[in-house]
Amino acid sequence: MDTAPQYGAGESEELVGRTLKKHEGRPVFISTKVGHFNQTIAHSFGEDAYRSEGCIRRVVEHSLWLLQKDRLEMVFVHEPEMQIWGWDEKTLDAPVIRALEKLKQERIVGAIGLGSNSVEFPGKLAETGRFDVIEIANGYTLLNRAIEDRILPAARKHDLGVVAGGPFRDGLLATRQYRRIERMKKERNWMGWVNEKALDRLWRLYRLSEDLGMPMHELSLRYILSQPAIHSVIPGAQNPAEVDANYQAAIKGALPDDVLIAIQQMSRC
C-alpha cells in the first residue's frame with residue numbers, strides 16, 4: 001500500500017493506520033515517502049528540512065505514529081531530482097540517504113527507494129547501488145517506456161525492485177476517451193508527452209482495446225506486467241469497484257505474444 005505524509009497533510013497515513021489497526025496481524029506491505037516537507041510536521045524548518053538528518057528522521061517517526069507501526073517496510077525519497085536535497089555532485093551523497101541508511105541499520109526502515117516523474121537524475125542515483133527500489137511515474141506505459149534506457153539496466157546491475165507508477169496516464173489509458181483526444185487535437189495546447197503522434201497512437205490503442213474486447217485499464221496493466229523487470233504497479237483507484245477491477249485485470253498476468261507484437265508495431269508508427 002502506497003502513501004505519503006503530504007497526501008492530505010498526513011490524513012492518508014492516518015487513514016491507513018486506522019485500517020491497519022482494525023486488521024492487526026494481517027500482512028500488509030506499506031511504503032511511504034520523505035519529501036514535500038512544507039506539507040509535513042517539518043514545515044517550519046523550510047528548505048533546511050531537506051538537508052537535515054534530524055528533520056528527515058522526525059518525519060519518518062511521525063509517519064510511524066500516524067500509521068501505528070513500529071517499522072516501515074519501504075520509504076521513498078520523493079522527487080530526488082530536486083536540487084533542494086543538496087546532493088554532492090561527485091559522490092551523489094546527501095543527508096537524506098545518510099538518514100535513511102541509519103534508519104535501515106536500526107531496522108526502523110526496510111527498503112530505501114527513489115520515487116520520481118523523471119528518469120535522468122534518479123537513474124544516476126540508482127547506479128550508486130545505495131537504493132533498494134525505484135518508482136518512476138509514467139515511466140513505463142502503453143505510451144512511454146522511458147525507464148528502459150537507464151533505469152532497468154541499473155536495476156538489473158544492483159538488484160533494484162522496479163515499481164511502475166501512473167500506468168493510466170491521467171486517465172487516458174484507463175478508459176477509451178475518443179472525444180477527449182479529438183478535443184486535445186483541436187485545441188493543440190500540448191505539453192509534456194502530448195503531441196500529434198502520441199495522440200494518434202492512443203487512438204490506435206483504443207481500437208485495439210475494442211477489437212480484443214478488453215477494457216483499456218486491463219490492457220494498460222497487463223502490458224506493464226508483461227515486462228518481467230517490473231515487480232509492481234501502482235494504478236491508484238477512486239473507489240472499491242476500481243480496486244477490484246484493477247485486481248481482476250492484474251491476476252490475468254501478461255498479455256499474449258500476438259497482442260504485445262501489435263502494440264510494439266504501433267510504437268513504430
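We did not get these values from a lab; they are worked out from the coordinates using the rules stated. Keep in mind that what you see is a predicted model, and the values were worked out from it rather than measured. So basically every Cβ, Gly included, is an ideal-geometry build from the backbone, and we count neighbours across all protein chains shown.
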Taking Cα atoms, the helix 216-225 axis meets the longest principal axis of the chain at an angle in degrees (rounded to 10) of 60
With +1 on each Lys and Arg Cβ and -1 on each Asp and Glu Cβ, and nothing else charged, work out how big the dipole of the chain is about its Cα centre, in Debye to the nearest 20. 460
Just the Kirkwood number for the chain, please: inverse of mean 1/r across all distinct Cα pairs, in Å, one decimal. 19.9
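Of the listed pairs K33/K197; K69/K90; K33/K186; K22/K104; K69/K252, which have alpha-carbon separations greater than 31 Å here?
On the way: K33/K197 35 Å; K69/K90 36 Å; K33/K186 39 Å; K22/K104 27 Å; K69/K252 33 Å.
Exceeds cut-off: K33/K197; K69/K90; K33/K186; K69/K252.
Assuming 0.36 nm per residue, please report the length gained on full extension of the stretch R268 to Q177 beyond their Cα-Cα distance.
On the way: separation 91, 0.36 × 91 = 32.76 nm, distance 2.23 nm.
Result for the pair: 30.5 nm of gain on full extension.
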A correct Karplus calculation of ³J(HN,Hα) over the range 7-13, with 6.51 cos²θ - 1.76 cosθ + 1.60, θ = phi - 60°, whole Hz and x for Gly and Pro, returns 6, x, 6, x, 5, 4, 5
Below 8 Å between Cα atoms, with a sequence gap of 6+, how large is the relative contact order for the range 111-231 in percent? 25
Coarse-grained scattering of the range 14-93 at q = 0.12, 0.26 Å⁻¹, given as base-10 log I(q)/I(0) from a Debye sum over alpha-carbon atoms: -0.40, -1.26
Can you compute the equivalent ellipsoid semi-axes for the range 129-261, i.e. the square root of 5 times each eigenvalue of the Cα gyration tensor, sorted largest first and rounded to whole Å? 25, 18, 14
Could you work out the Kirkwood radius for the range 95-184, taking every pair of different alpha carbons, averaging 1/r and inverting it, reported in Å? 14.5
With only helices counted (DSSP H, runs n ≥ 4, each -39500 (n - 2.57)), the per-residue ellipticity at 222 nm for the chain, to the nearest 500, works out to -12500 deg cm²/dmol
Using the Karplus equation 6.51 cos²θ - 1.76 cosθ + 1.60 (θ = phi - 60°), what ³J(HN,Hα) coupling, rounded to whole Hz, does each residue of the range 64-70 give in order, writing x for Gly and Pro? 4, 5, 5, 7, 6, 10, 9
Using alpha carbons only, what's the Rg to Rh ratio of the range 63-120 with Rh from Kirkwood? 1.01
Can you find, among L199, I41, P5, the residue farthest towards the positive end of the dipole of the chain? Put +1 on the C-beta of Lys and Arg, -1 on that of Asp and Glu. L199
